[in-house]
Structures are given as C-alpha cells and as structure tokens.
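> This is the structure I have questions about; it appears just below.
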C-alpha cells in the first residue's frame with residue numbers, strides 16, 4: 001500500500017519478464033482498490049487493469065446493492081468491464097455471462113474470477129449487444145452499464161449518447177429477458193431517463209457517505225404502472241432510505257413557513273431524486289422556500305439527512321452579520337445568489353468550527369442567514 005512509485009521506476013524489476021511500467025501500473029491500480037475493492041486488494045494473485053478501469057468500475061458497496069435487486073437463474077452483463085458487478089451477481093444468480101468488448105480486460109476479469117474461486121461466470125470477449133442479438137439463450141436479467149461516447153459534450157447527456165445505445169436496443173433487451181437493470185452516471189437527468197426508457201418500473205438513487213454514486217433503472221417487460229423512486233444514502237453505521245412515487249411528487253403541494261426550532265437538509269440521494277415536495281410532506285415539515293430545499297419544524301423528527309438547531313435567524317446584510325461576530329463557521333448556500341467562497345471573502349469568515357451558517361431565501365422571498373448548531 002505504501003510502495004513509492006518513483007523508487008520502483010528507478011530500480012530494475014525484481015520480477016523476471018515483468019516490465020517496470022507494468023509493475024508500476026499494478027501498484028497504482030492496487031492502491032486504488034484499498035477502500036473501493038477490498039476483496040480484490042486482500043486477495044493474493046489478483047491482476048489489475050489500468051487504474052482508469054478501476055476508477056470507472058463499481059465499488060463493492062454499490063455492486064452489492066445492485067446484486068440485492070436481482071434474482072432468478074441467469075443474468076447477462078453486456079458491459080462486464082473489470083467484473084466487479086458480475087462477481088456480486090454470481091453470489092445471487094446461478095449463471096452469469098460477462099461480455100466485454102476489450103479483449104484484454106475480458107481476459108483479466110476471467111483470470112481474476114478463477115483466483116477468487118468463482119465458477120459460475122462465463123467471460124465472452126465480444127460486443128455485448130452483438131452477442132445478445134445472435135444467441136438463442138434467454139435470461140432472467142440483462143444488466144448494462146453504458147459509457148458516454150467521447151464526443152458527448154457537456155454535463156447533461158442522453159442515454160442515446162452512450163455506448164451501447166440502450167433506447168435503440170431496448171426491444172432486443174426485453175426480448176431476451178423480462179427484466180433489465182441499467183446503471184448510469186448521476187449526471188443523467190431524471191427527466192431524460194424517464195422520457196427515453198419505456199417500461200420503467202423503478203429508479204434507485206444510490207449515494208455513499210452523502211455522495212451520489214450511480215442511478216439504477218429497473219425495466220420490466222410490459223410494465224406500465226407508476227414509477228417508483230427509491231433513494232439510499234449508505235453510511236458506516238446506518239443507511240438512510242426514502243421511497244416515493246414519481247407521480248406523487250407532481251401532485252403534492254408544499255407547506256411553507258418561517259424558520260422554527262429545527263432545520264433539515266435532505267441527503268444527496270433525496271436531492272438528486274427531486275422529492276422536494278414529498279420529503280417535506282412525509283415528515284410534516286414546513287419548507288423555507290420553493291427553491292431552497294431546506295425544511296423546518298417546531299418538534300424534532302428523525303430525518304434522512306442532516307438536522308440542526310436554529311439558534312438565530314437574521315436578514316442578510318453586512319451589519320447583521322458583523323453583529324453576530326462570527327469569525328469561523330461551516331457555510332452552506334441554498335437558493336442564494338452568492339457563492340460560499342465570495343461569502344467567506346466578503347465577511348472574513350474562516351472554515352470550520354461548531355457553528356453552521358445557512359445562507360438562503362425564506363418563505364417571503366427575502367435573503368436570510370440561519371445560525372445553527374448540529375443536532376447531536
């Protein structure tokens with residue numbers, strides 16, 4: 001874990017037939033697996049691909065979550081990659097086919113499966129869509145993790161901008177399996193996915209330690225019912241879960257009010273899901289403003305996110321802030337015209353400490369600052 005890459009480069013390799021460059025690649029890639037892929041890191045004899053492949057693969061935490069969503073006897077992974085998802089699927093499903101267009105990566109995955117003692121995964125070094133189109137085999141599940149084309153510009157992108165093009169091949173996928181699981185980047189907009197994917201049953205928003213890692217789209221053949229949204233924020237000690245139906249979010253009406261005793265900030269998975277009305281109504285909270293996505297109550301509730309005790313509420317102006325006399329605080333902005341960096345510079349407030357300042361817009365449309373302490 002602590003091997004110095006520079007010292008390795010300056011030495012001749014101690015392993016016959018192994019180039020220095022390859023050895024360095026193995027060391028760099030293994031380091032990236034320390035927390036992300038501990039099973040691989042701890043297993044003797046594992047071969048690692050380029051570190052970019054490690055960065056792009058699922059973590060063990062998110063791979064395990066995906067495995068808990070599937071069932072049945074057979075699954076085909078159309079974009080197998082390094083094989084982390086396939087490894088966890090193999091613990092649930094009897095037969096796995098791992099397709100990977102990159103021949104070397106397919107060989108690495110196959111070799112590592114042997115090292116890991118996995119017997120029920122067949123690695124096929126082919127284009128997954130082409131293999132699926134020519135095989136006569138049917139599956140219980142199709143899994144696909146499409147990657148964005150290199151020429152896809154900007155943060156917002158369509159599924160049709162990815163390889164493989166899932167919307168274009170959707171009829172093929174659902175012809176070969178009654179269930180399809182699609183993994184996408186958190187950058188994919190919900191509305192785009194909803195418009196591009198027919199027979200969509202569920203969307204799972206998966207966050208780890210309050211950082212959204214992936215969106216999972218579950219399609220079921222001929223499904224035309226309400227689309228469920230399931231959010232999870234996986235933490236060390238507890239997982240925060242919240243579920244709702246997409247249609248209900250449109251139908252719900254938020255209740256607004258001034259800051260009360262407690263302030264609530266939803267976790268990243270809920271914010272990504274867009275459950276801005278539903279989360280407030282579900283916990284009977286007042287919302288500060290339609291676009292602030294901060295909530296308040298007189299009595300404390302157990303909430304999927306951060307909760308704070310509101311110590312003071314002041315209008316946003318230089319004199320009021322100076323009167324607070326705060327030199328160090330944790331600053332957050334919600335529906336506010338200035339950045340955190342600008343606020344710190346303008347009002348000379350350093351980062352850190354036990355005080356939390358929320359710069360936001362209240363129910364009357366006025367800029368305000370909430371001085372809070374963390375609810376223990």
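The values are calculated or read from the model by the stated rules, or taken from the named source; none is laboratory data. All values derive from a computational prediction rather than experimental measurement. Glycine gets a Cβ as well: all are built from the backbone with ideal geometry, and neighbour counts include every protein chain shown.
> Inspect the stretch 209-230 for any residue being assigned by TED's automatic domain parsing to the domain that holds residue 68, surrounded by 15 or more Cβ atoms within 10 Å (Cβ to Cβ), in a loop (DSSP other than H, G, I, E, B) and under 12 Å from the mean Cα position of the chain (by Cα) and give the result as yes or no.
There is at least one residue in the stretch 209-230 that is assigned by TED's automatic domain parsing to the domain that holds residue 68, surrounded by 15 or more Cβ atoms within 10 Å (Cβ to Cβ), in a loop (DSSP other than H, G, I, E, B) and under 12 Å from the mean Cα position of the chain (by Cα).
> Is it the case that residue 169 is surrounded by fewer than 20 Cβ atoms within 10 Å (Cβ to Cβ), in contact (Cβ under 8 Å) with a residue 40 or more places away in the chain and at negative phi?
yes
> Here's another thing I want to ask about it. Using beta carbons and a limit of 8 Å, which pairs, at least six apart or on different chains, have the first residue in the stretch 338-350 and in contact (Cβ under 8 Å) with a residue 12 or more places away in the chain and assigned by TED's automatic domain parsing to the domain that holds residue 292 and the second one part of a helix (DSSP H, G or I) and buried (at least 16 other Cβ atoms within 10 Å of the Cβ)?
347/321; 349/343
> Output the residues belonging to the stretch 148-184 that are at pLDDT below 90, assigned to a loop (DSSP other than H, G, I, E, B) and more than 23 Å from residue 250 (Cβ to Cβ).
Across the stretch 148-184, the qualifying residues are 149, 150, 151, 152, 153, 154, 155, 157.
> Only one residue in 117, 193, 128, 94 is crowded, with 17+ Cβ neighbours inside 10 Å and over 30 Å from residue 242 (Cβ atoms). Which one?
128
> Still on this model: Taking only the stretch 20-78 into account, find how many residues are in a helix (DSSP H, G or I), within 18 Å of the chain's Cα centre (by Cα), under 17 Å from residue 105 (Cα atoms) and touching a residue at least 40 places away in the same chain (Cβ under 8 Å).
2
> Right, here's the next one. Being assigned to a helix (DSSP H, G or I) and in the same structural domain as residue 293 (by TED's automatic domain parsing) narrows it down to one residue among 323, 363; which is it?
323
> Can you spot a residue in the stretch 240-262 that is surrounded by fewer than 19 Cβ atoms within 10 Å (Cβ to Cβ), over 18 Å from residue 363 (Cα atoms) and in contact (Cβ under 8 Å) with a residue 60 or more places away in the chain?
yes
> Scanning for something at pLDDT 95 or above, surrounded by 19 or more Cβ atoms within 10 Å (Cβ to Cβ), farther than 18 Å from residue 233 by Cα and not assigned by TED's automatic domain parsing to the domain that holds residue 191, does the stretch 303-310 turn up at least one residue?
Within the stretch 303-310, one or more residues are at pLDDT 95 or above, surrounded by 19 or more Cβ atoms within 10 Å (Cβ to Cβ), farther than 18 Å from residue 233 by Cα and not assigned by TED's automatic domain parsing to the domain that holds residue 191.
> Related question: Hey, does the stretch 252-270 have a residue that's part of a loop (DSSP other than H, G, I, E, B), in the same structural domain as residue 309 (by TED's automatic domain parsing) and within 15 Å of the chain's Cα centre (by Cα)?
Checking the stretch 252-270: at least one residue is part of a loop (DSSP other than H, G, I, E, B), in the same structural domain as residue 309 (by TED's automatic domain parsing) and within 15 Å of the chain's Cα centre (by Cα).
> Moving to a separate point now. Taking the conditions exactly as written (buried (at least 17 other Cβ atoms within 10 Å of the Cβ) and in the same structural domain as residue 205 (by TED's automatic domain parsing)), does residue 105 satisfy them or not?
Taking the combined requirement at face value, the residue satisfies it.
> With the requirement that a residue be part of a helix (DSSP H, G or I) and either touching a strand residue (DSSP E or B) at 6+ places or on another chain (Cβ under 9 Å) or under 21 Å from residue 367 (Cα atoms) (or both), what does the stretch 271-302 give you?
271, 272, 273, 276, 277, 278, 279, 280, 282
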